[in-house]
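Have a look at the structure below, then the notes.
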Amino acid sequence: MCLTIPVQVQRVIGKKALVKRGEEEFVVDITLLPEVRDRDWLLVISGLALKKIEEKDAQEILEFLRYSFITDPQRVSERFTSIIQKSKTQPLTQDEIVYLLNTEGYEKEALLAEGNMTRMVNIKDFICIHGVIEFSNYCSNDCLYCGLHKGNKDLVRYRMTKEEIIEEVIAAVENKGYKLLVLQSGEDEFYTPDLLAEIVQEIKSRVRVFLFLSVGERGEEFYAKLRSAGASGILLRFETANQSLFAKLHPNGKSLAKRFEHLSFLQKMGYFIATGFLVGLPGQTIEDIANDILTITSLKPEMVSIGPFIPSDKTPLAPCQPPNLDLVLKVIAIIRLLHKRARIPVSTALETLDPKEGRRRALQSGANALMFILTPQKYRALYSLYPNRYQAKGEPWEKYGLFKYEKSYDMLEERLSQEIG
Ligand code: SAH
């Protein structure tokens, strides 16, 4: 679930070991790992060593989360320095965010490094790993950017049965150690409130897992029922805070106001909220993106989910261009500066935009969570929000990040309740 940054053992002292991470030295309990020797690499949670890790894997994780850049005040403008300084204690104005979004060259790198630094200082040694199971690609909406829109008659549609969904969740929890899973689908009324509530209840009665739903706008009663059934969080992006752009992208009477209404009652119901927007939508300006970021500041979601728009075949926006990776990274860094402890996952769309470097660069700009697709292989290609979706190679993240260990669930529970509270 959570991956901790590896530490290296300096000296074993009985059931304890002196370890080092960067310049920091501290003592950990090695009761669970009596075979630990000097120089070994370990993963540690709350002072307890849980697992040995091979040096090459430790180095890979360390490299992904490396921080090695300190802004040279001679090479950035006074305005840049004063905005970064201000972000440490106060919200930013639209103008200031626009300034940061427009940075280039050294200032841009400095902004990303500030995002990384803010993650390091506030979240320290954790990267969270979540999974998503996409259980139906049927959708009653016509979102112009989305490959699942109902007008796409070429797409072969699938629905997972109640039993299939439960089985997948249980396998992800029991075999791989996932502790937080998102159940996602198009907006599909086939799954009635009763059916989804039964699924959630059965899962919750069989395994310890946090379930998030990402099923679109289903109304207040639906979500109240699912909350009672045991769902913990909702992933629902507002996509763009520009009302007229939202209306253009969502025909059939969808409105931004209704999205915000949903987010508001979901928050009141005590759900953990994951929301965010698309970066680089056709017609979206830099000022719009700054407003999207300000919207995050006013909503204060526990998780901020943003990703690049990727043109999808069989949609009206197929001929459009995706944004530059740098723009998406700048958005992540600014959100991190303003929301120091929020969970910011690296979206699959960002990994798709740059399969080689996307994940590392997003983490090094302030993101602190990864989302792996766990949809059964036979359905995966059919969940085609956009083409060539990135297939995460889990190693070493999955290998070491998902402790099959009760304590990591307790730790997550404590963190989530802190984040919600
Ligand atoms: N139906 C649900 C969840 C499924 S869509 C809902 O509407 O909330 C999940 C997310 O995929 C959307 O919120 C959207 O931001 C993203 N998405 C859809 N099409 C995309 C595209 N072409 N490029 C990037 N992201 C896309």
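For the stretch 260-358, report the convex hull volume of the alpha-carbon atoms normalised per residue, in Å³, without decimals. Write down the numbers at each step before the final one.
Values: hull volume 11.7 nm³, N = 99.
Cα convex hull per residue, to the nearest whole number: 119 Å³.
Residues whose amide H comes within less than 5 Å of that of Ile45, counting only those at least five positions distant or on another chain, are Leu50 (H built at 1.01 Å from N in the peptide plane). Charge dipole of the stretch 77-172 (Cα centre as origin; +1 on each Lys and Arg Cβ, -1 on each Asp and Glu Cβ, all else neutral): 200 debye, rounded to the nearest 20. Each 5 Å bin from zero up to the one holding the largest Cα-Cα distance in the stretch 73-118 carries the following percent of pairs: 5, 22, 36, 29, 8, 0. Within straight-line reach of Lys52, meaning a Cα separation under 20 Å, sit the following aspartates and glutamates at least 8 residues removed in sequence or on another chain: Glu24, Glu25, Asp29, Glu35, Asp38, Asp40, Glu60, Glu63, Asp125, Glu395, Glu398, Glu406. For the chain, the residue among Ile70, Leu43, Gln364 whose Cα projects farthest onto the positive side of the dipole built from Cβ charges is Leu43.
Which of the peptides 223-232, 274-283 is most tightly packed, and how do the rest follow, judged by the mean count of other Cβ atoms within 10 Å per residue? Write down the numbers at each step before the final one.
Details: 223-232: 18.9, 274-283: 22.7.
Final packing ranking: 274-283, 223-232.
The percentage of C-alpha pairs in the stretch 200-347 whose separation is greater than 25 Å is 33%. For the stretch 249-378, a simple Cβ point-charge model (Lys and Arg +1, Asp and Glu -1, everything else neutral) yields a dipole of about 440 debye relative to the Cα centre. Within the chain, the proportion of Cα pairs with more than 32 Å between them is 36 percent.
Looking at the stretch 23-52, the GluC sites (Glu not before Pro) that sit in a DSSP loop and have at most 13 other Cβ atoms within 10 Å of their own Cβ are Glu23, Glu35.
At a Förster distance of 51 Å, what's the computed FRET efficiency of Leu48 paired with Thr285, Cβ-Cβ distance as r, to 0.05? So, using R0 = 51 Å, E works out to roughly 0.55. The calculated FRET efficiency for Asp72 paired with Arg11, based on their beta-carbon distance and R0 = 22 Å, is about 0.05.
Once fully extended, how much extra length lies between Ala381 and Glu23, figured as 0.36 nm per residue of separation less the alpha-carbon to alpha-carbon distance?
Values: separation 358, 0.36 × 358 = 128.88 nm, distance 4.49 nm.
Taking Ala381 through Glu23 to full extension adds about 124.4 nm, to one decimal.
Which of these, Val182, Val156, Val346, has the largest mean-square fluctuation under a Gaussian network model of the chain (Cα springs below 10 Å)? Answer for the Gaussian network model of the chain: Val156.
Stokes-Einstein diffusion for the stretch 2-64 at 20 °C, viscosity 1.002 mPa s, with a Kirkwood radius from C-alpha pairs, works out to 189 µm²/s. The radius of gyration of the Cα set in the stretch 78-210, together with its Dmax, comes out at 21.7, 59 angstrom. Taking label points 7 Å from Cα along the Cα-to-Cβ direction, Tyr106 and Glu198 give a separation of 6.5 nm. Give the calculated FRET efficiency between Glu164 and Glu261 to the nearest 0.05, with a Förster radius of 41 Å applied to their Cβ-Cβ distance. So, using R0 = 41 Å, E works out to roughly 0.80.
No lab work stands behind these numbers, since they all come straight from the coordinates. Note that the structure is predicted; figures quoted are calculated from it, not measured. Backbone-built Cβ (ideal geometry, glycine too); neighbour counts: all protein chains shown.
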